Amino acid sequence: MSDTAEKERTGAPQLSHARDFSRPGFYVKLILMALVNAFGIFGILASLPGDDWPVLIFLAVTLVIANYVYFSKRSIPAKYLMPGLVFLAVYQLYVMGNTAYVAFTNYGDGHNDAKQPAITQILKTSDRRVEGTETFPVTILERNDELAFAIVRDGAARVGTQDEPLQEAPDAVVDGDRVTDVPGYEPLDLGEIQARQNDVLDLRVSLTDDPDDGWLRTDNGTLSYVARSSLSYDEAADAFTTADGKVYTADPDRGLFVADDGTVLTPGWRVFVGVDNFSAMFTDARLSGPFFQIMLWTFAFAILSVLTTFALGLGLATIFNDPRVKGRVIYRALFILPYAFPGFLAALVWKGMLNRQFGIINQTLLGGADINWLGDGNLAKLSILGVNLWLGFPYMFLVCTGALQSIPGELTEAAIMDGAGPLKRFRRVTLPLLLVSVAPLLIASFAFNFNNFSLIYMLTGGAPNFPGSPVLVGETDILISMVYSVAFESGTKQYGLASAMSILIFVVVGVISWLGFRQTRKLEEIM
């Protein structure tokens, strides 16, 4: 083998690697990957003590793949796909998977945690002071909005929170028998304690990891004492017993401790409930009635919103696409203004204008009329459609203007020569060609309006409300605002039921979009 061939065989790769080290981009990549690995390893270490093993596995696998992709010369396409795939996994797949999981559980107020933390919380919330126990001067601390107790016990400063028992704090500052400062925490003064009085009084800090040893609580924010539960828990029988002999037995299907008379201990714990959340929407008479009315209104709102905004936008686009109209540029700019204004602010402005007593529509335009635009169910729905027409037609106007300008003028001229009038030309030539371009956008507009939460929330808040409903929903709520109300605004937060409704919305929008896109293929045959 010649020297040249040998150099080509052995020297070229070395030269390529040497060239990499001489490029500034390599060091930029090295620094960025070092930061990625540092954050990833930090996340792995933070996940080790708890039960976050899915997070740990995801971070470990992602780091291995990222390092291979960005330091390999064989994965050029993956270098561009990797960031998007990671964000897709975190912000889409994980959210969808977690929502699906929650939909089959009783997760919500009273069922927020696993069984063992629920048992500990039941013991702590049914406590009483241990007779003869000493009193400890207590300092109320705060860190990241979490409260803590600091006391001096057995000559050492100790700090604990709701989830962490008392631990020695060697760096704490002690003045006599009271802790005055702990690094990493902020001591609360009397005014701050009074502002968070309920949180302070509800705080229980375990003395040790064993709940039977008791916990600290306070009645005034300055002195604390040791308390123990008035209930006793039998692990073998999986039941609580009160001082008077009343027994609460675990109900694994409901995630509650239940007595023979039907009373329960709170909180409960999360359990798998199967399709109960889905069936409740159709079988619970108190919930199914509002649910079906809201579902029908959601479809009506989405369909009518698309039809009205498209009709007005297309009409204006057709008019101002005619070269005989003077000042078309100015008019087109004015029509875009409602679209440029933030939607939620526009809804608030319209809410003020539609006010029954002080709104400009009643007081000025209608001469002091007393019309309850947002309080009457039918008028509120009409108002929502009107406001959404104002907000949505500029988008359709822009879309239709662009689509009309893309239609070849020869087709219109041919239709004129064939003797077709304006309406016939529009119906037989312009509209079919227009729908080829805008049909996918109409489907997207339907999906958007099906989930148009901000308009409903800002304009009516779902009012007027349904009387007797177990959740706070009203006649103008759509499914997505009903989900929000079930999850956050109905007194008792029901995340499982809200997640089941979210899945239903996803399925409905997905099926309708699939059917719509199938129909658009038929329109393409026109071209």
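Count the net charge of all other residues whose Cβ sits under 9 Å from the Cβ of Leu188, scoring Lys and Arg as +1 and Asp and Glu as -1. Walk me through the numbers before you get to the answer.
On the way: positive: Arg196; negative: Glu142, Glu186, Asp189, Glu192.
That works out to -3.
Does the chain come out rounded, prolate or oblate, given a ≥ b ≥ c as the square roots of the eigenvalues of its C-alpha gyration tensor, rounded meaning a/c under 1.5 and, failing that, prolate meaning a/b above b/c?
oblate
Using only Cα atoms, locate the centre of region 337-399 and the centre of region 212-238, then give the distance between them in Å, rounded to an integer.
The distance from the Cα centre of region 337-399 to that of region 212-238 comes to 56 Å.
What spacing in nm lies between the two simple spin-label points modelled at Tyr225 and Ala239, each 7 Å away from Cα in the Cβ direction?
The answer from the label model is 3.2 nm.
Roughly how many Å is it from the Cα centre of region 127-204 to that of region 451-494, as a whole number?
Taking the Cα centre of each part, region 127-204 and region 451-494 sit 41 Å apart.
With each run of n ≥ 4 DSSP H residues scored as -39500 (n - 2.57), what mean residue ellipticity at 222 nm is computed for the chain after dividing by its residue count and rounding to the nearest 500 deg cm²/dmol? List each step's numbers first, then the result.
Numbers: 19 runs with 281 residues, N = 527.
The helix contribution divided over the chain gives -17500 deg cm²/dmol.
Near the amide H of Thr180, under 5 Å away, which other amide H atoms are found, from residues 5 or more places off or on another chain, if H is placed in the peptide plane?
Val173, Val174, Asp175
Ranked highest first by average number of other Cβ atoms within 10 Å, how do 232-244, 383-395, 444-456, 92-104 line up? Walk me through the numbers on the way to the answer.
Numbers: 232-244: 12.4, 383-395: 20.8, 444-456: 19.3, 92-104: 14.4.
Most protected by this proxy first, the peptides run 383-395, 444-456, 92-104, 232-244.
Using 0.36 nm times the number of residues separating Asn355 and Thr520, minus their current alpha carbon distance, what extension gain do you get? Don't jump to the answer; show the numbers that get you there.
Details: separation 165, 0.36 × 165 = 59.40 nm, distance 4.20 nm.
Gain on stretching Asn355 to Thr520: 55.2 nm.
For the residue pair Arg286 and Asp261, what label-to-label distance in nm results when each label sits 7 Å from Cα along the Cα-to-beta-carbon direction?
2.2
Under a Cβ-Cβ cut-off of 9 Å, what is the net charge of the residues other than Gly255 that fall near it, where Lys and Arg count +1 and Asp and Glu count -1?
Values: positive: Lys115, Arg254, Arg270; negative: Asp251, Asp253.
It works out to a net charge of +1.
Which aspartates and glutamates, on any chain, are close to Lys246 with Cα under 17 Å apart, when same-chain ones fewer than 8 places away are left out?
Straight-line reach from Lys246, under 17 Å: Asp127, Asp234, Glu235, Asp238, Asp260, Asp261.
For the chain, report the accessible area per residue in Å² (1.4 Å probe, heavy atoms, rounded to an integer).
On the way: 30320 Å² over 527 residues.
Result: 58 Å² of accessible area for each residue.
How big is region 205-308 along each principal axis, measuring the range of its Cα positions in Å and listing the largest first?
That gives 67, 38, 23 Å along the principal axes, largest extent first.
Leu435 label point, 7 Å along Cα→Cβ, cut-off 17 Å on backbone N: hits in region 491-517?
513-517
Where a Cα-Cα gap under 30 Å defines reach, which lysines qualify for Lys326, not counting those fewer than 8 residues away within the same chain?
Lys424
Give me the lysines in straight-line cross-link reach of Lys381: C-alpha distance below 25 Å, same-chain residues under 8 apart excluded.
Lys351
Would you please give the residues with an amide H less than 5 Å from that of Phe257, counting only those at least 5 places away or on a separate chain, with H modeled from the backbone geometry?
HN-HN under 5 Å from Phe257: Asp251, Leu265.
So if the hydrodynamic radius of region 119-196 is defined as the Kirkwood radius over C-alpha pairs, what does Stokes-Einstein give as its diffusion coefficient at 4 °C and 1.567 mPa s, in µm² per second?
On the way: Rh = 13.6 Å.
Answer, rounded: 95 µm²/s.
Count charges around Tyr495 for me, please; just the other residues with Cβ under 11 Å from its Cβ, Lys/Arg as +1, Asp/Glu as -1. Please list the in-between numbers first.
Numbers: positive: Arg270, Lys493; negative: Asp109.
It works out to a net charge of +1.
Hey, can you grab everything whose amide H is under 5 Å from the amide H of His111? Only 5+ residues off in sequence or another chain; H modelled, so Pro and N-termini drop out.
Gly268
If I ignore ligands, DNA and RNA and count only protein heavy atoms, how much of Lys246 is accessible to a 1.4 Å probe, in Å² to the nearest 10?
Approximately 60 Å² of Lys246 is accessible to the 1.4 Å probe.
Report the full-extension gain for the segment Asp109 to Arg254: residue separation times 0.36 nm, less the Cα-Cα distance, to one decimal in nm.
On the way: separation 145, 0.36 × 145 = 52.20 nm, distance 1.33 nm.
Residue separation times 0.36 nm, minus the Cα-Cα distance, leaves 50.9 nm.
What distance in nm lies between label points placed 7 Å from Cα along the C-beta direction at Phe506 and Ala46?
It is 2.5 nm.
The values are calculated or read from the model by the stated rules, or taken from the named source; none is laboratory data. Please read these numbers as outputs of a predicted model, since none were measured by experiment. Using ideal geometry, Cβ is built from the backbone for each residue, glycine included, and neighbour counts are taken over all protein chains shown. Ligands, DNA and RNA are stripped out before the accessible areas are found, and what is left, the full protein with its side chains, is counted by its heavy atoms. Shrake-Rupley method; radii C 1.70, N 1.55, O 1.52, S 1.80 Å.
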